[in-house]
1. Calculate how steeply helix A:242-255 sits against the longest principal axis of the alpha-carbon atoms of chain A, using the helix alpha-carbon long axis, and give the answer as 0 to 90 degrees to the nearest 10.
2. Per the 1.4 Å probe, what fraction of the accessible area of the range A:113-200, in percent, lies on carbon and sulfur atoms?
3. For the range B:463-551, take every pair of Cα atoms, bin their distances at 5 Å starting from 0, and report each bin as a whole percent.
4. Considering amide H positions built from the backbone, and no H for Pro or chain starts, which residues 5 or more places from B:VAL70, or on another chain, come under 5 Å of its amide H?
5. Just how large is the dipole of chain B about the Cα centre, in debye to the nearest 20, putting +1 at every Lys and Arg Cβ and -1 at every Asp and Glu Cβ?
6. Roughly how far apart, in whole Å, are the Cα centres of the range A:1-65 and the range B:246-260?
7. Calculated FRET efficiency, A:ALA223 and B:SER172, Cβ-Cβ r, R0 56 Å, to nearest 0.05?
8. Give me the tail of P(r) for chain B as a percent: Cα-Cα pairs with distance above 32 Å.
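The values are calculated or read from the model by the stated rules, or taken from the named source; none is laboratory data. As the structure is a computational prediction, the values presented were derived from the model and not from experiment. Positions of Cβ are generated from backbone atoms using ideal geometry, with glycine treated the same way; all protein chains shown enter the neighbour counts. Surface areas here come from the heavy atoms of the whole protein model, side chains and all, with no ligands, DNA or RNA. Shrake-Rupley method; radii C 1.70, N 1.55, O 1.52, S 1.80 Å.
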Amino acid sequence: MPTVTIDGQKVRIKKGLTVLDAAKKAGIWIPTLCYHPAVASEASCRLCMVELDRGDWRQLITACNYPVRQDIVVYVSSERAEKARRGVMELLLARAPESRELAALACRMGVEKTHYPSVTESQRNCILCGLCVSVCEQVIGRAAIGFAGRGAERTVAAPFRQASEDCIGCGACAAVCPVGTIKIRLHKDEREIEISPFKSRAKMVLCERCGMPMYSGQVSREAMSKVKIGRKAFTEYLRLCPKCRRTETAERFASVPVRRE
Amino acid sequence: MNTAAAKFAAPADIEAFSQAVRGKIRADSKVVRVCIGTGCAAKGSRKIYELFRQAAEQSMDDVKIEAKCVGCHGFCERGPIVVVEPGEILYQRVEEPDVAEIFRETVLGGRVIERLLYEDSATGTRASKAEEIPFYAVQKRIVLENNGRIDPARITDYIAQGGYSALAKVLSSMTPEDVIAEVEASGLRGRGGGGFPTARKWRSCREAKGKPKYVVCNGDEGDPGAFMDRSIMEGNPHSVIEGMLIGAYAIGSEQGYIYVRNEYPLAVEHLGTAISQAREMGLLGKNILGGTLSFDIEINRGGGAFVCGESTALMASLEGRAGVPRAKYIHTVESGLRNKPTNLNNVETWANIPAIINRGGRWFADIGTKNSKGTKVFSLVGNVRNTGLVEVPMGITLRRIIDEIGGGVRDGKRFKAVQTGGPSGGCIPAEHLDTRVDFDELTKLGSMMGSGGMIVMDEDTCMVRVAKYFTEFLQKESCGKCTPCREGLAQMLHILGRITDGEGQVGDIVRLEELADLLEGTALCALGKTAANPVLSTIRYFRDEYDAHIRDRHCPAKECRGLFRYEIDEEACKACGICLKACPVDAITGEKKVPHVIDQDKCTLCGTCWEKCPFTAVMKV
């Protein structure tokens, strides 16, 4: 097992794991945005820059995807590494000035404001980290969204920027979005769930008892095909909303004749 | 050996075939070579070729006359180029009406037509052969040696000139290790921009675990003003294929790809023809020349993204995905195309290989400087008299390239800077013109070798605008994946735009330098890491121009609209009234015999008066 020396602290980790893994083990925080353990690291946000000691020079590397193959020495809190991370964060703040999540992360890094004006905005408050795209493709297996355009024009979108038929309305993209840009909207009247800003909608399953919209019908079908639970029992379980399930269970108990000693 | 429809079964067959083809050429045969490279073709050389072909067909049988299409001669400024053998008489700026005269006088009569020869503007002497023209005399042609001599669509022509003899040599007498050692001895470094030692790359790929292994040719040349690789692919496609075959043998690969821009239709066509001819003759496919090497090549056409010249983006594109780079902490020689060991070299690198094998690594290493061996092809463009494609030994000075080969700055203007290395390169000022051109020297100056673009700029060029132009190009071509490149370039462009609009702020230079530092350190791929070079190098050498824009709201080169005024020179003004009538906002007053005056409050700086004045009395100040 190679040893990673981070800011003087030594940790041993499995070969092939990343500098970020080593930092986590050492209890050293490195800010990240486009990193998520569920998907492959693209290292697109460039926020997790740290310095790698190359002997006669030091190289800035991204901690989230730099594979540890031998003993290495890295610096997280060196002046250059911190300056690089701050610089990247300032660029991101200029792009997504309204994101509270981003501002909170910046604050934790000690970046209070950006020196840059807002000059790019192809998609409101999106920092183009790509986690939504990766999770949809690699975890959900749908690839309903992808990147469109190039450079400053790059956006995340469903094909032709139309509502996508491949979207099952699972909301995984919204769950992983680190800046709160992707939102789930419920349209109760139409019994539909919408993933904003992609416009994709999915029909929802209603609670059989109270009629409350619960979850996307396609999600439950997908889940059925993946989860190894007795199918019948599982279907039964998904029929009602949690509230009605409690009520029904209580009623069932109440209807059972009380056994007397 | 039969010279038609041969299929080679052994390495020795190639030499036999080459001799047979050459043996068929009669001593009295005459050849008219017409350049159909893109530059000459744009000036109508295809039609000229057609006329020569018809003339040759109709001529008497007692002399054998052949009209031949050949690739780029490099002297694009003077195209269309026609060369007549014997005598190697080079005619320039040939037009359709000249064909009959050339055919009658030179081809049949053996007489030289003076007016079509190159004339040295300084001495007035005319040159009948290429080597007598300074443009060619200073060059040393290895890669481009056969460009302009062979018909790129005929494999027999290539073989007759010694083509595929390097492959035969490799397959008959060298082990893969020998090949790598020979390339190592040559000191060849990658010609695509990075300058990585080719042999070291080959060896890493050979030693990498995993099968299959791929060899890839990077023909996604996209630098503004660059056409080196284009001309090689168009004019001598077999040299690239032969290089790749030798590389495949050395590395242990059975499949190759040529990634070529779809905007290069002639290159795609000629490569396609070359590959199918090589297959027919048994030079691609299974058990090549009866040995153990099996190798084939597929062409992949790029979709027009500059970033696809970056190795990982190119491989993503080859895989059918969007051309977006990825981190290279694990090198592509270990895990590249389809996560298999992949060796990517540039067109010019591959085209150098046959010569290195044939003449030996040491011969190649004798050319050039300590750490940069051989020659380099540059496309010399911009405000220079002789634009074109030039191949020079490493270590030649920039001054010799620009003054001797390029004939100096055109229109009698003063030289200001030369931009090398493409959009990621830098601008080199006059005081460094005696720098020797090699990988390390250019890097020291804040520029780079790059793939070989060389843009000469005269005194009328605003260096801030130049920086802005390249930044804009890179910002448009950035894939947008990583934050610093996407956002940082947009911020830089914003600042540069403000400076050229006369709204620069104190501190803008520092801001640009900070962004440049951030980009260099944190961008994902080489495009972003080097994107600030044009800005940094212009700040380094032309800081006074930035200062003039920001502090004095003045553009010293008088290119930035709004940062200079138009005035009429009283002495030069003939009071003709042309500017007065042309001015769209009636800002010019004056009458007959009274010099005209521009009302600066009314003037919108459109420049119409400056363009229209027949006496150059309107000045930019």
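1. Orientation of helix A:242-255: about 40 degrees from the principal axis.
2. Looking at the range A:113-200 in its full context, I get 49 percent from C and S.
3. Histogramming the range B:463-551 at 5 Å steps yields 3, 17, 30, 26, 15, 8, 2, 0 percent.
4. For B:VAL70, whose amide H was placed from the backbone, the distant partners under 5 Å are B:VAL34, B:CYS35, B:ILE36.
5. Around 1080 debye, computed over chain B.
6. 35
7. In this case the efficiency is close to 0.30.
8. 54
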